[in-house]
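Here's the structure we're looking at; comments come further down.
The values are calculated or read from the model by the stated rules, or taken from the named source; none is laboratory data. Predicted model only: the values in this text are computed from it and were never measured. Note: ideal-geometry Cβ built from the backbone for every residue, glycine included; neighbour counts use all protein chains shown.
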Amino acid sequence: METPGTEPKSGGGLDRVILLLLFALFLFASPFMSWWANAELAWYWPFLLWGLLIALVAIERSVRPGSDDA
Amino acid sequence: MTLELWQLFGVAVAYLAILFLLAWLAERGYLPEAIARHPLTCTLSLGVYATSWTFYGSVGFAHDSGFNFLTIYIGVTIAFLLAPILLDPILRLVREYQLTSVADLFAFRYPGRLTGLVVTLFMLIGILPYLSLQIHALTQSVEVLTREPAHDLLALVFCAMLIVFAILFGARHISPREKHSGLVVAIAFESAVKLIALLAVGAFAIFGVFGGFGAMDEWAQRNPEALGNLFEPISQGPWLALTLLAFAAGFLLPRQFHMAFTENLDPQGLRTAGWLFPAFLLALNLPIVPILWAGLAMDIPGDPDFFVLSITLDHAPAWLPVLTFIGGISAASAMMIVSTIALAAMCLNHLILPARFLSPRPEPHLYRWILWGKRALIALIILAGYGFYRVIVHHEGLVQLGLVSFVAVAQLLPGVAGVLFWSRATRAGFIAGLLAGALVWFVMLVLPLIADSAALSGDLPLSALLDPVSGDIWTAATFWTLALNTGFFVVGSLLTQPTEGEQRAAAACTEQRVTPLAGRVEATSPGDFERNLSRLLGATAARTEVRKALDELGMSRHELRPAELRLLRERIERNLSGLVGPVLAQVIVDDRLRLAHRSHVALADGIRFMEERLADSRDALRGAMAQLQSLQRYHRDVLQELPIGVCSVAPDGEIVLWNRAMEELSGVSRQEAAGKPLQSLPAPWNEVLARFARASERRRQKEPIPSQEHAERRVNLHKAWIANPRQGDAQDSGSLVLLVEDRTDVETLEAELRHSERLASIGRFAAGLAHEVGNPLTGIDSLAQNLPYDDTPKAREAASKAIREQTARISAIVESLLAFAHSGRKQSSTREAVNLHELVEEVIRLIRLGQKEKNVRFYNETSTTTEVQGDAQQLGQVFVNLLSNALDASGPEQAVGVRERSTGDEVIIDIIDEGSGLDPDHIEQAFDPFFTTKPVGWGTGLGLSLSHAIVSDHGGTITLAPNQPHGTIATVRLPYSPSRGGDA
C-alpha cells in the first residue's frame, strides 16, 4: 500500500558492499589469486590489486547515501 | 654508526614528552576541536593496529613467508570494506548502550556475569604475549642500534612512562560519553610518525641503497629467487587463514575496538576510515619489499625483523636511524597504551566491580574508586606485560607472538555473528564455543610458547596430527579453534532456549524492532530514584547519575509522570553501563529501581516513546521498516488531524495520544497532556474525562464544560476499548479511546433555528392575534363610551367587571404569545418538570389565533397531573408545530385534539386531526429539513425537523401515522418527570 510520505527505498548501497566483498574474495581468495601469484609479475602487483580494491571502496563510500549517525 | 644507550634513552624520553604535550594540548582544547574530529585523525588513530610487528616484523615476515605478510592488512581491508554491515551496527550499539569494550559488547548481547568474565580473562591471556612483544621489539631495536645487549632498566623505564601516559590521558574520564580527545590525537600522531619513518627508510632503501627504482629492478632480475620467495609462499602458506585472522583482529582486538568504537568522536570518521585506513596500511607496507631487498643486497647479518633499522646504520644520514627508532617507539607505545586502557576497562567492569558490588555496603566515593581502580589496573597490566617479557624466552619472531593473539581474538568471531545477525544465539552456546576455541588455542599455541618448545615452527606432534598435509600451524590452529568454537556455539545455542533477557538483547542488536518501554517504576519521583540508588552507589554518585540523566532527557527534577520515570530508569541504566558495564548496570537498576510487580503491557503502552525514538532516529531505516514507519506516521497523522478530539489512554491511565482538535478544544497542549494520567489534566478536563472514563456508559450527549473565557461549552463524549492482541479482555488490558465532539456551535445554530421558527409561528398568529385582541378592545371601547351614562353603581360595577374580563382576555393572549416568543436565544435548555395539560392548553390558546374562519374545535384530553421532564419552551414549540400542521390540514368544523396514553416509563401523546391526512409516501420524508407539502409561502419545512430534534434531545421519539377514517395522528413519546407527577 502506498501511503503519503512513503518513498521507495533502495538497498541502501548494501548490494554494492556485497559486490565489493565478492570482488575482494575474487582478488585474494580465489583461483585468480593462484594465477597472479604464479604469473611472474612485478613485485608491486599485489599492491596494485590491493590499491584497486581500496579505490573501489572509496568510490562506493562517496556515492553511498550516508546517514548522520551510525 | 652506533648510538649510545643514553642517547636513545634521551630520544625516547623526548619523544614521549612531545606525545604528552600534544595530548595535553588536545585535552585542554588548545588544539582546534576540528583536528581531533577530522576523519584523517580518526583514520590515523586506527593505525594503532600497526605495532612493532608491522614496523619491524613485517620485513622478517616477508623474508620468511613472502607476500603472506600482506594478509595481515588485506584482512583488515575486507573488514573495513564491510563497515556498513559490520562496523556501523557495532558503533551504534556502543554509542546507544554506552558499551566501553569488546567484553561489554558480548556481555550486553549474552547477558550474564560469566560472559564478561570469560571474554575478559581470555583477552587478557591472549593479549599479554602481544604486550611483551612490544617491549621485546623495543629492547631488540636498542640492541641493534647500540650493538650491545639492552639493559633491562630501559624496558622498565619505558613501561613506567607508558603507565603515566595511559593514566593521564586514557583514564581521565569515567564516562564513555566524555571522549579522550588527547589520547586520540596522540595515537594519530604516533601513526603519522610510524608512516613517515617507514616511508623514509623505504625511500632510503630504494634511492640510498639501490640508487633508484631502475637499479632495484635490475637487482631483482639478477636475483630472481628474491621475487620468487615473495610470490611462491602465497599458494603454499597460510594465506586464507591469516586473512581471516586479520579480518577478526581489524575490529575485535581490544585496542582496535577501543579506538574505532569507544573513543569514536564522530561516526562520519569511521565511514571515511572505511577506505582511508586500508590506504594508510597500504602506504605503510609499500616500503617493506624495498627494505627487505636492501637488507639482502647489503647482506646484513642477523634477524631480518630489524632490517628496518640495520640498513640505516652505516650509510644513511644520522637522523634516519633515530627517526626509525622513534617510529618503533611509536608503534610499541601506541599499542601498549591503548591495549592496556581497553583491557583495564574490561577487567574493571567484569572482574573487579562485580566483586565489589557483592558487598552490601555502599561505596561512598564510587567515581573516585572507579577512576583509581582503572588507573591501578593500567599499571598492573603493563607490569604484567613486562613480567611476561621477562619470563618468556623470545626465540620466536615478532610475527609469531602477534599471531598467537590474533588467533585468540578470532575466537570472538562466532559470537559477533550472534551479535549482528543470529538472534537465536544463546549465552550458553557462546560460552561453550569460546571455551572450546580457547582450550584448543591454549594447547596448540600457548603451551608450546610457555614451554619454549619448537612448536611455532610447526614441529609439534599435535599440529602434525591436526594438519598432516602442510604442517602449517596457523592454518591448523585457525581451522580447529574456529571449527570447534563455531560447532559448540551453534549446537549449544540450538540446544538451549534464549532467555527473555537474551531475546531482548538480540532484538536490540539486530534492530528487529524498537522495543517499547513497558512497566511502571516503583519509585515515584527522581528523589526516590536517588534514595534507592544511593544504597548501592553512595549518595554522591546516585545524585549525580540521576541528575545527569534528568538533564540529558530535559526533564524536571520534580517529574512525576510514570512514563517519564520509566524513560529515566532506562537512561540511568545506559549511563551506568558506561560506568560499571552493562551487566552490573542491569543488576543495579533491576535491584534498586524495580518495576511494579504487576504492570500492564499494552500495545499502546510505549507507543509514544517508539514514535519519539523513530522520529529522533537518524538511522537510515530500510525496506519494510521504512514502509512500516511511513504507514504508522500516516495513521498517526490521520488521528492528529481529525476534526474531532481524540484522546487515547493506556491501561495504566497515562495519556498516549492527544490530537490537535483536542488541543484546540481544551487549550491543553500535547506536551502537557502526554504521559499524564487523566486526573492530572487542567480543570475542568480532568474531572470531565476521568469521570466519563470510569462510567459504564459508552456515550454522553451535550456534556457541559464550564469555561471562563467562553460561554459554556457542550461536548458529546464517546469511548471505545481497543484490545491488546497479546492479552485477553480489552476492558482489562486494552487501551481506552475517548472521542470528544464539540457541539457548542451546532447547539448555537439549533437555538437560532428554533428562534426563527418561533418567530415564523408568531407571524402566522398575527392575523388571529389582531382579531382576538381587536374584539375585546371593541367591547372595552363600547363599555367605556357608555360608562358616563351608567348612573347606577350597579351598572358601573357591571361595566367595570366587563372591562376587566376583556382586558384579562387580552392579557392571557399576550402572555401566551410572550411565553412562546420568549426573546432569549438561550443555548442551553433548562430541564424541569412540565405540566403537560397546562402546556397543551397554552399552545391551543395560541393556535386558535391562527385558525381564521375555520372554526375548528380543539380539545385537550391530557391528565392535569402528568408531568414530563423537559424544557417548557422547546416542548411548547413541538406542540405548536404539530397542532399548527393539524389545523392547516383540517377543514371547517373539524376537531383537532391532544390525547394522552400512558405506558410504564413514558408518556404517549397523540395529536389527532380529521383533516386531509398525509400521503403514506411522504411519511418517511416528513422529518427531513425543508420538506413541506404546503403551498409556497405557507411553511418553512423546518417545523417537523426541529420538533424531531427537540424530542430526540429530550430522550423521546416522534412518529406520524394515518388516522382512521381521515386525518393524521402525530405521536410523541416522552419520559416522565423523575418526580412522577403523572397518574400513570
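Annotations
- Here B:A241 does not fit the description of being in a helix (DSSP H, G or I), within 17 Å of B:L281 (Cα to Cα) and either among the hydrophobic types (A, V, I, L, M, F, W, C) or not assigned by TED's automatic domain parsing to the domain that holds B:G295 (or both).
- Residues of the range B:418-440 that are in a loop (DSSP other than H, G, I, E, B) and either at pLDDT 95 or above or closer than 16 Å to B:I90 by Cβ (or both): B:F421, B:W422, B:S423, B:A425.
- For the range B:196-242, the set of residues classified as of a type in the set (A, V, I, L, M, F, W, C) and closer than 26 Å to B:S405 by Cβ consists of B:A197, B:L198, B:V201, B:L230, B:I234, B:W239, B:L240, B:A241, B:L242, listed by residue number.
- Any chance B:R222 is at pLDDT below 95, more than 9 Å from every other protein chain (Cβ to nearest Cβ) and surrounded by fewer than 19 Cβ atoms within 10 Å (Cβ to Cβ): yes
- Candidates B:D742, B:D729, filtered to the one that is among the acidic types (D, E) and at pLDDT 70 or above: B:D742
- Leading residue by the ranking (modelled with the lowest pLDDT) among those in the range A:50-63 that are crowded, with 18+ Cβ neighbours inside 10 Å and at the interface with chain B (Cβ under 7 Å from one of its Cβ atoms): A:R61
- Among residues of the range B:946-967 that are among the acidic types (D, E), none has a Cβ under 7 angstrom from a residue that is at pLDDT 85 or above at a sequence gap of 6+ or on a separate chain.
- Counting only helices (runs of 4 or more DSSP H) that fall entirely inside the range B:1-116 and contain at least 3 residues that are out of contact with any strand residue (DSSP E or B) (no Cβ under 8 Å at 6 or more places or on another chain) and closer than 27 Å to B:N285 by Cα, the qualifying elements are B:5-27, B:33-37, B:39-46, B:58-65, B:71-81, B:83-96.
Residues checked against (1) within 14 Å of chain A (Cβ to nearest Cβ); (2) over 21 Å from B:A205 (Cβ atoms):
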| residue | (1), (2) |
| --- | --- |
| B:T41 | no, yes |
| B:Y49 | no, yes |
| B:Y56 | no, no |
| B:D64 | no, no |
| B:F69 | yes, no |
| B:G75 | yes, yes |
| B:L82 | yes, yes |
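- Some residue of the range B:130-143 being assigned to a helix (DSSP H, G or I) and in contact with a His (Cβ under 7 Å, 6 or more places away or on another chain): yes
- Any hit, the range B:330-353, residues being aliphatic (A, V, I, L, M), farther than 15 Å from B:L124 by Cα and under 33 Å from the mean Cα position of the chain (by Cα): yes
- Qualifying residue in the range B:93-101 (condition: buried (at least 21 other Cβ atoms within 10 Å of the Cβ), in contact (Cβ under 8 Å) with a residue 12 or more places away in the chain and more than 23 Å from B:L567 (Cα to Cα)): yes
- Pair list, Cβ < 8 Å and 6+ apart or interchain, from the range B:657-683 residues that are of a type in the set (V, I, T) to residues that are surrounded by 19 or more Cβ atoms within 10 Å (Cβ to Cβ): B:V668/B:W658; B:V668/B:M662; B:V668/B:L681; B:V668/B:W685
- Residues that are within 32 Å of the chain's Cα centre (by Cα) and at pLDDT 75 or above within the range B:144-181 comprise B:H180, B:S181, listed in sequence order.
- Residue count for the range B:955-980, restricted to those that are under 16 Å from B:G876 (Cβ atoms) and touching a Lys or Arg at 6+ places or on another chain (Cβ under 8 Å): 2.
- A count restricted to the range B:291-313 and to residues that are crowded, with 24+ Cβ neighbours inside 10 Å and within 14 Å of chain A (Cβ to nearest Cβ) stands at 4.
- Selection count where residues are under 17 Å from the mean Cα position of the chain (by Cα) and either at pLDDT 90 or above or not in a helix (DSSP H, G or I) (or both), scope the range A:1-15: 3
- All told, B:G578 falls short of being small (G, A, S) and at positive phi.
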